[in-house]
Amino acid sequence: CTNNLRQLAVAAHNFHDTNRKLPSSIRPAGLTPLPRISGHIQLLPFIEMKNAYDQYDQTKNWNDPANYNAIRLPLAVFNCPSVPAGRR
């Protein structure tokens, strides 16, 4: 678990170094049809998961069929290896 957290923290710092801000899940202000993009999606290129990032259509919501393949990918870095498989 500690190693995964370390990887995510390093990814967040690398995201900041590149974009001069931390990843955010905030939707644009006001009434908008624009989807919310999770900060986790924004971190994917920084945890060597650019292929998953490229599959994700950021113009659509996460549950849109266009994102089905991207959201099905198991990403080990977001799971603690010591948690029993049935509880992940």
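Answer with yes or no whether R6 is on the phi > 0 side of the Ramachandran plot and modelled with pLDDT of 90 or more. Answer is no for this residue.
Would you confirm whether or not region 19-36 contains a residue that is crowded, with 16+ Cβ neighbours inside 10 Å and free of Cβ contacts under 8 Å to residues at least 24 places away in the same chain? Yes, there is a match, as at least one residue in region 19-36 is crowded, with 16+ Cβ neighbours inside 10 Å and free of Cβ contacts under 8 Å to residues at least 24 places away in the same chain. Would you say Y68 is open to solvent by 100 Å² or more (accessible area, probe 1.4 Å), hydroxyl-bearing (S, T, Y) and either free of Cβ contacts under 8 Å to residues at least 24 places away in the same chain or in a helix (DSSP H, G or I) (or both)? So Y68 fits the description; yes. If only residues of region 50-65 that are within 12 Å of the chain's Cα centre (by Cα) and under 22 Å from I26 (Cβ atoms) are counted, the one that is least open to solvent (accessible area, probe 1.4 Å) is A52.
Look at (1) surrounded by 14 or more Cβ atoms within 10 Å (Cβ to Cβ); (2) modelled with pLDDT of 90 or more; (3) over 17 Å from A76 (Cα atoms); (4) not β-branched (V, I, T) and you find that F46 fails only one, number (3). Of all the residues in region 11-38, those that are part of a helix (DSSP H, G or I) and either within 26 Å of P84 (Cα to Cα) or of a type in the set (S, T, N, Q) (or both) number 4. Taking I41, is it surrounded by 12 or more Cβ atoms within 10 Å (Cβ to Cβ), of a type outside the set (S, T, Y) and at pLDDT 90 or above? For I41, the condition - surrounded by 12 or more Cβ atoms within 10 Å (Cβ to Cβ), of a type outside the set (S, T, Y) and at pLDDT 90 or above - is met. Take the conditions (1) loosely packed, with under 11 Cβ neighbours inside 10 Å; (2) in a helix (DSSP H, G or I); V83 misses just one of them, which is (2).
The values are calculated or read from the model by the stated rules, or taken from the named source; none is laboratory data. This structure is a prediction, so every number in the text was calculated from the model and none was measured. As a convention, Cβ positions derive from the backbone with ideal geometry for all residues, glycine included, and neighbour counts pool all protein chains shown. Accessible surface is based on the protein model in full, side chains and every heavy atom, while ligands, DNA and RNA are left aside. Shrake-Rupley method; radii C 1.70, N 1.55, O 1.52, S 1.80 Å.
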